[in-house]
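Enquirer: My structure is below; once you've seen it, I'll send some questions.
Rule-based calculations on the coordinates, nothing more; no lab input. Computed from a predicted model, the values in this text were never measured in an experiment. Here the Cβ is made from the backbone with ideal geometry for all residues, glycine too, and neighbour counts use every protein chain on show.
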Amino acid sequence: MIAYYCLHELHLLPSRLLALPRRERAFIIAAVEMKLAQEKRSIRQQKRKIQKTR
């Protein structure tokens, strides 16, 4: 999932991601995981709003 996100959202090839120093790669992975978690929360909130209006 991380490589997919990096490729499509950050336009960073998986080979370039793997070529980065360990700390930079760890930072990008952590940032992407936080962003994905935020997006999941947002989707859940939107679904709750829709269910409340029914």
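Enquirer: Taking Arg22, is it charged (D, E, K, R) and surrounded by fewer than 10 Cβ atoms within 10 Å (Cβ to Cβ)?
Expert: The answer is yes for Arg22.
Enquirer: Taking only pairs six or more apart or across chains, which ones have beta-carbon atoms under 9 Å, a first residue in segment 1-26 that is part of a helix (DSSP H, G or I), and a second residue that is small (Gly, Ala, Ser) and surrounded by 11 or more Cβ atoms within 10 Å (Cβ to Cβ)?
Expert: So the pair list comes out as Pro14/Ala3; Leu17/Ala3; Leu18/Ala3.
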